[in-house]
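First up is the structure itself, then whatever we jot down about it.
The values are calculated or read from the model by the stated rules, or taken from the named source; none is laboratory data. In this text, all values refer to a predicted model and were calculated from it rather than measured experimentally. Cβ atoms come from the backbone with ideal geometry, glycine included; neighbour counts cover every protein chain shown.
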Amino acid sequence: MSAMATARVLLVDDDDAMRVSTAQALRLAGFQVDPVSSAEEALALTGPAFTGAVVSDIRMPGMDGMTLLGRLHEIDAEIPVILVTGHAEVPLAVEAMRSGAYDFIEKPFVVQDLANVLRRALETRALVVDNRRLRAVAGKRDDIEARLPGRTQVMVDLRYRLRAIGASDADTLIIGPTGAGKDVAARALHDLSGRAGKPFVTINCAALPEALIESELFGHEVGAFPGALRPRYGKFEHARGGTVLLDEIGSMPLELQAKLLHVLHDRVITRLGSNDPVALDVRFIATSKTDLAEAVAAGRFREDLYWRLNVAAVHVPPLSARREDIPLLFLHLLRESAARHGVAERAIPPAYLTALAGRDWPGNMRELRNLTERVVLGLESADLAADGDARLAERMAAYERSLISGAIAAHGGRLKPVYEMLGISRKTLYDKMQKHGIDRHLIGDSPEDQD
């Protein structure tokens with residue numbers, strides 16, 4: 001896909017007729033055009049993540065094209081700016097080229113000439129952005145496997161997904177159960193991006209104080225409300241250039257969802273007590289433990305906000321989907337905990353590790369981490385092996401029974417695909433069913449040709 005097909009052209013001109021006609025002509029030439037009537041509007045739509053080019057008239061009321069050029073290059077010196085000049089303004093345009101303008105074009109111009117300049121500018125900008133992303137990833141040690149360890153396929157897929165979208169600026173929705181590591185995945189995305197050196201600001205959407213929500217997020221000016229004695233940046237502005245993590249976005253009140261949608265769409269905020277828009281260059285990452293599509297259907301979450309956030313989706317699996325990883329995860333966390341508390345690492349019997357893999361973990365990684373803390377601090381039974389052969393055998397038997405029953409139910413009572421899937425013989429399966437008291441007639445359709 002070409003740079004022209006995906007990038008935006010920001011067209012700035014206070015002359016309504018000129019702006020409309022030029023925008024139409026550029027669209028016919030295949031460009032995506034955002035026409036605005038002032039330099040202030042243009043600044044609100046740009047930032048370091050801006051992937052397009054700016055075309056601006058040099059003479060405008062208020063902020064002129066030369067000032068706009070300087071302000072844009074304060075944000076990012078490599079944003080291509082093309083200035084449109086009158087004949088008498090050519091010396092000024094030449095000065096602008098010395099100041100970093102990409103090019104200038106003189107009125108009256110042929111749209112094809114402007115289109116040719118724009119194509120070159122967009123290709124240059126695309127190379128700049130791609131090189132930054134590559135440097136962002138190549139310039140730092142990728143420790144994502146240490147942060148999100150595991151050999152199961154679901155974890156391999158998760159790490160691949162994070163690496164694939166980490167260097168982009170795409171807003172991302174991370175779905176996963178409580179304690180699975182959604183916050184770790186979010187931080188990894190930030191650290192893999194070109195924003196790694198900028199702020200990472202977490203906003204707990206479930207804990208925002210209703211009376212101060214807007215001030216907390218958007219900031220305020222002096223006198224915006226009683227007690228506002230000095231101006232204050234909100235959390236969004238604190239994150240400028242970096243990443244905002246909206247933790248448990250499903251808990252955000254509907255009224256605030258509408259305001260957030262505006263921020264996501266326009267990348268602009270307005271502090272309480274002010275009418276001046278403030279350009280916002282941030283990447284948004286949202287997490288949710290619930291299915292937001294269901295929340296949309298139930299009317300608890302805005303559909304337009306859901307699609308705006310869900311540019312890229314990441315699913316963090318529960319521990320139950322990666323049982324094979326649990327023994328290694330436990331040992332990994334145990335080493336971390338022992339080092340943190342300055343105590344000797346304990347020897348863990350293999351039977352204990354096997355039993356861990358058969359347990360339910362509703363709290364996921366958080367619950368497993370808490371267990372390692374208790375073991376290290378001596379709060380868990382010191383005689384780990386003495387969990388007892390009987391208790392271990394009971395757990396293992398329960399796990400085996402659950403596994404076989406579930407497989408039989410999944411195959412509608414047919415046994416052949418069950419023993420093939422489990423990698424055991426038909427006789428072994430029959431023996432285990434008898435041992436555990438499993439009646440296939442009670443858990444499946446048990447067709448006549450089940451074997």
* Please state which one of E123, E106 is closer than 20 Å to V54 by Cα, at pLDDT 75 or above, surrounded by fewer than 17 Cβ atoms within 10 Å (Cβ to Cβ) and over 39 Å from the mean Cα position of the chain (by Cα). => E106
* May I ask you to list the residues in the stretch 410-425 that are in contact (Cβ under 8 Å) with a residue 24 or more places away in the chain and not aliphatic (A, V, I, L, M)? => H411, G412, G413, R414, K416
* Asked: What do you reckon, is D16 in contact with a strand residue (DSSP E or B) (Cβ under 7 Å, 6 or more places away or on another chain), assigned by TED's automatic domain parsing to the domain that holds R120 and among the acidic types (D, E)?
  -> no
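The rows are residues; the columns are (1) outside the structural domain of E248 (by TED's automatic domain parsing); (2) under 22 Å from H332 (Cα atoms); (3) surrounded by fewer than 20 Cβ atoms within 10 Å (Cβ to Cβ).
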{"position": "Q153", "(1), (2), (3)": "no, yes, yes"}
{"position": "L158", "(1), (2), (3)": "no, yes, no"}
{"position": "A164", "(1), (2), (3)": "no, no, yes"}
{"position": "T172", "(1), (2), (3)": "no, no, no"}
{"position": "A180", "(1), (2), (3)": "no, yes, no"}
{"position": "A186", "(1), (2), (3)": "no, yes, no"}
{"position": "G197", "(1), (2), (3)": "no, no, yes"}
{"position": "V201", "(1), (2), (3)": "no, no, yes"}
{"position": "N204", "(1), (2), (3)": "no, no, yes"}
* So which residues in the stretch 59-83 are in contact (Cβ under 8 Å) with a residue 40 or more places away in the chain and assigned to a loop (DSSP other than H, G, I, E, B)? -> M60, P61, E78, I79, P80
* **Looking only at the stretch 428-451, and only at residues there that are over 16 Å from E400 (Cα atoms) and not in a loop (DSSP other than H, G, I, E, B), the one that is modelled with the highest pLDDT** => H441
* Could you tell me whether any residue of the stretch 315-333 is touching a residue at least 24 places away in the same chain (Cβ under 8 Å), basic (K, R) and under 28 Å from T243 (Cβ atoms)? => yes
* **helices (runs of 4 or more DSSP H) contained in the stretch 128-210 and holding at least 3 residues at pLDDT below 85 and at negative phi** => 144-147
* Regarding A390, is this residue at pLDDT below 85 and part of a helix (DSSP H, G or I)? -> yes
* Looking at A295, A258, which one is among the aliphatic types (A, V, I, L, M), outside any loop (DSSP other than H, G, I, E, B), farther than 27 Å from R187 by Cβ and free of Cβ contacts under 8 Å to residues at least 60 places away in the same chain? -> A258
